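Visitor: A single structure is presented below for examination.
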Amino acid sequence: MSLTPEPVIFATLSVLAACLILSAMAAVLLLRPALGLLFFFVFFVFAWRLCSVLYIDIWGPVFSEQLERSIGPGISVLPIALAEGIVIVALLCSFRPARLQALFAKARPAFGDRMSAGRFDLLDVAFWLVISFVAALWLELLVRGPIPLFASMERFDYARLYGGPLHGLLLYWGPMLAFQLGVFLVAPTFRGCSLDWRFGALLASLILYLFLVGHRFSSFYTYSLFFAMPIAIAILNRGTSSGRPIASKAALRGIALAGAVLCLLIVGAIAYSYTVVRKFEGAELFAKLSQRILVQQGEMWWMTYERVFLQDNWNGFHAAYKLFVDPFDPARNSTMQFLMEAALPQGRVHFILEQGSTYAGGWPEILFELGGPVGGYVLVVLSAAIFSEFMFLLTRCIVEERFATCFFLTPILYALWVNIAAGMVNSFIQLTFILKIMMALLIYVTETRWRCDKSLLQPLGPRPTGPVA
């Protein structure tokens, strides 16, 4: 029996919309690879969710194991593709070539020259501080209990039963630490020197630690991409200002080898988790992987699409109340708590959350739950503009070697990243987040005044070599 015209038209529109956004991201990666690397974490999330939503639209109805219902078919790709396209346009506007050229042409490093002039080397201090933390972290792993990889233990169970205070610090601050390691890796390149590979080794030790304590794709992906963002900015700087590469061909081959090893580590960790820890096999393994890859990334968007666009059943005031006033667990992402409560029986949702688990998604679902089918796009434009301009500010600070400002901007970067990846908006109203913004602004102003102080431009004298009297 032939398909009726409407499903064929809907399927065609869905495929065209998805292909348009995927082609735009591929074009950025091919034509402006440094910019593609800087925003790869956004593109990867967007592409995966878009493909999942397209699968639900075209092959629906498909059964969602987590929602315990069938979802699709439809044209839910169209509104999410438009939202993702708005973000891509905002990023390209903020990082337009003329603006980058002007930034790199007038950038005047000062902080690094002063802090490494004979008597004090910031990179050495940072290295010894981090290596002390990493050594203590490994020691804590060896003395506190079983190693999850060898005990077939889930990472959540290890963190709850055996994880020590340093393990907790890494889980909370790890991506931000990886970003700082990336900053220090490329910092010498802004003064014409080579990469400082000590910080690459520190990241490798953290990745290996995460592998041993049962982490899989998400942690490796997050740490690696936060580490890669400063590298992308350094490539942008060299490509725009001098045309010189930031590393030799041998170094680039080493980076490629490290990337290949990381990919193998991710595949091995996922395979071990599904086949050894969770003991899936055969048809059950295939079904679980299909749900994880093809359905779970898009299922929460389908539920929002159904409520907001098909049924016009949304309440922005109720959504805001559940997000900011009365979430089930205020210390966690209230967006996913609200979306899960809207899709599942409340008792089941609370049980899942109490186990430390949550579903995928959140952006742009929460923007349309707050603003509806029209106001949601206003929120998308606003959030895209804030995110893209913040990333340009961060780029400016790295290029100008404002390391102190970068340090205080990193938690804000993480909050914005979590918002794009999981729609977490309740962190933006926390007093601590407001204090972080104020502190970063204060440090930025202080560094600006310090850089303009002519008396501080004189380099420190050479370190004395004779005996101390």
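The values are calculated or read from the model by the stated rules, or taken from the named source; none is laboratory data. Here the structure is a predicted model, which means the values were calculated and not measured. Methodologically, a virtual Cβ is constructed for each residue, glycine included, from the backbone with ideal geometry; neighbour enumeration extends over all protein chains shown. Each accessible area value is taken on the protein alone, full model and side chains, heavy atoms only, with ligands, DNA and RNA left out. Shrake-Rupley method; radii C 1.70, N 1.55, O 1.52, S 1.80 Å.
Visitor: Here are the criteria: (1) open to solvent by less than 50 Å² (accessible area, probe 1.4 Å); (2) part of a helix (DSSP H, G or I); (3) out of contact with any Lys or Arg (no Cβ under 7 Å at 6 or more places or on another chain). Tell me which single one residue 103 does not satisfy.
Guide: The number of the failed condition is (3).
Visitor: Would you please list the contacts, defined by Cβ atoms under 7 Å and residues six or more apart or on different chains, that run from a residue in segment 134-156 that is more than 25 Å from residue 199 (Cβ to Cβ) and among the aromatic types (Phe, Trp, Tyr) to a residue that is open to solvent by less than 60 Å² (accessible area, probe 1.4 Å) and in a loop (DSSP other than H, G, I, E, B)?
Guide: Filtered contacts from segment 134-156: 156/356.
Visitor: Quick check on segment 142-166: of everything there that is among the aromatic types (Phe, Trp, Tyr) and assigned to a helix (DSSP H, G or I), which residue is modelled with the highest pLDDT? Don't jump to the end; show me each part of the working.
Guide: Start the filter on segment 142-166 by keeping residues that are among the aromatic types (Phe, Trp, Tyr), which leaves 150, 156, 158, 162.
Next, only the ones that are assigned to a helix (DSSP H, G or I) stay: 150, 156, 158.
Numbers: 150: 80, 156: 76, 158: 83.
For segment 142-166, the residue satisfying everything is 158.
Visitor: Ok, one more. Can you pull out every residue in segment 447-469 that is modelled with pLDDT of 50 or more and part of a helix (DSSP H, G or I)? Full working, then the answer.
Guide: Kept after step one, since they are modelled with pLDDT of 50 or more, are these residues of segment 447-469: 447-453.
Of everything in segment 447-469, those that are modelled with pLDDT of 50 or more and part of a helix (DSSP H, G or I) turn out to be 447, 448, 449, 450, 451, 452.
Visitor: Hey, could you check segment 207-236 for residues that are among the small types (Gly, Ala, Ser) and out of contact with any Asp or Glu (no Cβ under 7 Å at 6 or more places or on another chain) and say which is surrounded by the fewest Cβ atoms within 10 Å (Cβ to Cβ)? Before you say what the answer is, go through the steps one by one.
Guide: Taking segment 207-236 first, the residues among the small types (Gly, Ala, Ser) are 214, 218-219, 224, 228, 232, 234.
This time we only want the ones that are out of contact with any Asp or Glu (no Cβ under 7 Å at 6 or more places or on another chain), so: 218-219, 224, 228, 232, 234.
Numbers: 218: 11, 219: 22, 224: 21, 228: 22, 232: 22, 234: 25.
The selected residue is 218.
Visitor: Here is a further query. Of all the residues that make up segment 61-102, how many are touching an Asp or Glu at 6+ places or on another chain (Cβ under 7 Å), polar (S, T, N, Q) and farther than 19 Å from residue 340 by Cα? Before the answer, list the steps.
Guide: Within segment 61-102, the subset touching an Asp or Glu at 6+ places or on another chain (Cβ under 7 Å) is 64, 66-67, 71-77, 94.
From what's left, polar (S, T, N, Q): 64, 66, 76, 94.
Those still in the list that are farther than 19 Å from residue 340 by Cα too: 94.
Looking only at that region, the number is 1.
Visitor: Still on this structure, please answer the following. Determine, yes or no, whether residue 204 is within 20 Å of the chain's Cα centre (by Cα), more than 20 Å from residue 332 (Cβ to Cβ) and surrounded by fewer than 17 Cβ atoms within 10 Å (Cβ to Cβ).
Guide: Working: within 20 Å of the chain's Cα centre (by Cα): yes; more than 20 Å from residue 332 (Cβ to Cβ): yes; surrounded by fewer than 17 Cβ atoms within 10 Å (Cβ to Cβ): yes.
Spelling it out, residue 204 is indeed within 20 Å of the chain's Cα centre (by Cα), more than 20 Å from residue 332 (Cβ to Cβ) and surrounded by fewer than 17 Cβ atoms within 10 Å (Cβ to Cβ).
Visitor: OK, next. Kindly provide the set of residues from segment 308-338 that are out of contact with any Asp or Glu (no Cβ under 8 Å at 6 or more places or on another chain) and not in a loop (DSSP other than H, G, I, E, B), ordered by number. Spell out the reasoning first.
Guide: Going residue by residue through segment 308-338, those that are out of contact with any Asp or Glu (no Cβ under 8 Å at 6 or more places or on another chain) are 309-313, 315, 317-318, 320-321, 323-327, 329-334, 336.
309, 310, 317, 318, 320, 321, 323, 324, 334, 336, listed by residue number.
Visitor: Kindly evaluate residue 198 against the criterion of being touching a residue at least 24 places away in the same chain (Cβ under 8 Å) and open to solvent by 30 Å² or more (accessible area, probe 1.4 Å).
Guide: Working: touching a residue at least 24 places away in the same chain (Cβ under 8 Å): yes; open to solvent by 30 Å² or more (accessible area, probe 1.4 Å): yes.
So residue 198 passes the test.
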